[in-house]
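To keep things clear, I will list the structure first and then write my remarks on it.
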Amino acid sequence: MASISAQMARGLCHAAFLVLAASALSGCVETAAELNPEADQQHVHIARRPDVSLASATVAFVSVEGPPAAVSASFIQDLKREAAAQEIAVADPKKAHYFVRGYLSAYLTSDGAAIEYVWDVFARDKERTQRMSDVLVVKGQGDDPWTIAGDEALASVAAKSADDLAAFLSNTPEAVAAVAGPAPHASPNDAKPLSYAPVD
């Protein structure tokens, strides 16, 4: 009975976290006054397109909510580093095509802690275009789930978050347009073998 009660408590905690995360959007993001109800699907895997550039699919990270101030500051640095590694073009909110809000929650488990994170991506028209979420479980002991998780786990969350965001951005119209263009006219005698742009 105790284990069932613990599972129910964790389930209620997760549900409450997602409700609070969703309700916080209405008044905290200038570009997100209205949500898209079709964007509530979670844990959706998006394949990254290798044939596009993300340079035109610019992003502004609006905020990361949930962690203590010190944890948040360290996580944001990790996130910026991982975003650069994924070639995500971070821009000023006034010029960005997409706006991203993050929510992190940490809670104790039977043998450690778990970090649950949610990323909401908004377009310029104030509609949420994508929600990405996942949970990272860490083994350890203690009373503070953030301490149990530690810097390494948060760095892993930042890396996975940047990877998921880059995959989403690679499928946006801006990324497609970055490599699309009219084909130059060439005569049959000028034909050359096809080649692909190098991927760093």
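Nothing in this text is a laboratory measurement; each read-out follows from the coordinates by a stated rule. Quantities reported herein were computed from a predicted structural model and do not represent experimental measurements.
Normalising by residue count, region 98-178 has a Cα convex hull of 85 Å³ per residue.
The stretch between S110 and V137, if pulled fully straight at 0.36 nm per residue, gains 8.6 nm over its current Cα-Cα span.
Between V176 and K80, full extension at 0.36 nm per residue minus the direct alpha carbon distance yields a gain of 32.2 nm. At 4 °C and 1.567 mPa s, what whole-number value in µm²/s does Stokes-Einstein give for the translational diffusion of region 53-93, with Rh from the Kirkwood sum over Cα pairs? It diffuses with D of about 117 µm²/s by this estimate.
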